[in-house]
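Worksheet: the structure to be examined is printed underneath.
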Amino acid sequence: MSKKSRRWDGEPETEKDRKFFDLREFGYKGWIDEDSNKAACPFCHQMDCSRQGFAGKCT
Ligand SMILES: [Zn+2]
């Protein structure tokens, strides 16, 4: 493998890791579920909520 891992631990990326990092590199800042799919905000249940994690407010 020649592609550098984007994981914090340097281990090879799994399919889920690849999807997760691809979303982030495309500029997606919303929620991502455990399968690395775009997910609705768990607080307001909107897909386009830009709340960052558990801190902050829904927009
Ligand atoms: Zn929200």
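The numbers here are math on the coordinates, done by the rules we state, and not lab data. A quick note: this is a predicted structure, and the numbers were derived from the prediction, not measured. No Cβ is skipped: glycine too gets one built from the backbone with ideal geometry, and neighbour counts run over all protein chains shown.
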Inset, instruction - Pick out, in residue order, every one of the GluC sites (Glu not before Pro) in the chain that is DSSP loop and has at most 12 other C-beta atoms within 10 Å; say none if there are none. - result: E34
Legend entry - Loop-resident sites, the range 23-59, for chymotrypsin sites (Phe, Trp or Tyr not before Pro), counting at most 12 other Cβ within 10 Å (DSSP): F26, Y28, F54
Legend entry - Long-range amide H partners of W31 with built H, under 5 Å: A39
Inset, instruction - Count the lysine pairs in the chain whose Cα atoms sit under 21 Å apart, keeping only pairs 8 or more residues apart in sequence or on different chains. - result: 11
Inset, instruction - Have a look at G56, A39, L23 and report the one farthest towards the positive end of the charge dipole of the chain, computed about the Cα centre with Cβ charges (Lys/Arg +1, Asp/Glu -1). - result: G56
Legend entry - Rounded to the nearest 20 debye, dipole of the chain from Cβ charges on Lys, Arg, Asp, Glu: 260
Inset, instruction - For helix 15-25, report the angle its Cα long axis makes with the longest principal axis of the Cα atoms of the chain; keep it between 0 and 90° and round to the nearest 10°. - result: 60
Inset, instruction - Just need log10 I(q)/I(0) for the chain at q = 0.12, 0.14, 0.17, 0.27 Å⁻¹, Debye formula, equal scatterers on the alpha-carbon atoms, no solvent, rounded to two decimals. - result: -0.34, -0.44, -0.61, -1.10
